[in-house]
Amino acid sequence: MQSLGVSAAAASVAANAEATAKSGRAGGSDGDAPSVMGPNPIDLTLTVNGVKHAMKVEPCTTLLEALRLHAGLTGTKEICDRGSCGGCSVLIDGVLAVSCLMLAIDCAGASITTVEGLAKADGTLHPLQEAFIRHDALQCGYCTPGFLVAGAWLMASTPKPTLPQIQQAMAGNICRCGTYTNIFNAVLEATGQRPLIDGTIA
Ligand code: FES
Ligand code: FES
């Protein structure tokens, strides 16, 4: 599911890039060759959790690096840095994606949601965050932001996901501490369903 998310996000970003190119913002007037960016740092503004973050980044900067090092949003974790663990999961225009495989400059104009954006402005946690706490769905907690973003993404489209749907949605997320049962139970409870006991729904 994670790779599907990446593909969909890439399509979304490609559509944005096409729109940008047509508007002439990046490539000059219609028909002009696209302007070359870099190798020096360029000005970039990213919209993250509804807030605009202006930064100066090298064109090779990943979205993950831009979030953590330039926007100061360290909830999104760098673990494998190669698209294999889901620790850096974010939503790009509502689509699940691994931010370590996205270039920050390709996300200009997109609406990005990180784990910091799941809670409401008044600090009220997302129902899934509450359920993670109740179910102790973490040990070291390093994978937790990625699971929360993937779970929130699933809940936005599927109000009562089945266990296989939950497992599928989180198939791109790895927990080295092995807290999967508690994580699945948190999603089940957050969507008003009974928890797992001995691997089956009670
Ligand atoms: S850090 Fe991005 S998928 Fe692992
Ligand atoms: S809680 Fe440690 S990796 Fe998941």
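Here are a few things to note about the model shown:
- Computed over Cα pairs, the Kirkwood radius of the stretch 34-114 leads via Stokes-Einstein (1.567 mPa s, 4 °C) to a diffusion coefficient of 103 µm² per second.
- Cβ-derived FRET efficiency at R0 22 Å, Thr162 paired with Glu130, nearest 0.05: 0.55
- Three-way shape call for the stretch 127-201 based on the alpha-carbon gyration tensor, with the a/c threshold at 1.5: rounded
- Violating pairs (Cα-Cα greater than 26 angstrom) within the set Lys56/Lys77; Lys52/Lys120; Lys56/Lys120: Lys56/Lys120
- About the Cα centre, charge dipole magnitude for the stretch 37-193 (Lys/Arg +1, Asp/Glu -1 at Cβ), debye: 180
- In order through the stretch 73-79: 3J(HN,Hα) via Karplus (6.51 cos²θ - 1.76 cosθ + 1.60), integer Hz, x for Gly, Pro: 9, 8, x, 6, 9, 9, 10
- Size of electric dipole in the stretch 127-201: Cβ of Lys, Arg +1 and of Asp, Glu -1, about Cα centre, debye, nearest 20: 100
Values in this text are rule-based calculations from the coordinates and carry no lab data. None of the values given here were measured: they were computed from a predicted structure. Because the Cβ atoms are built from the backbone with ideal geometry, glycine has one as well, and the counts that use them run over all protein chains shown.
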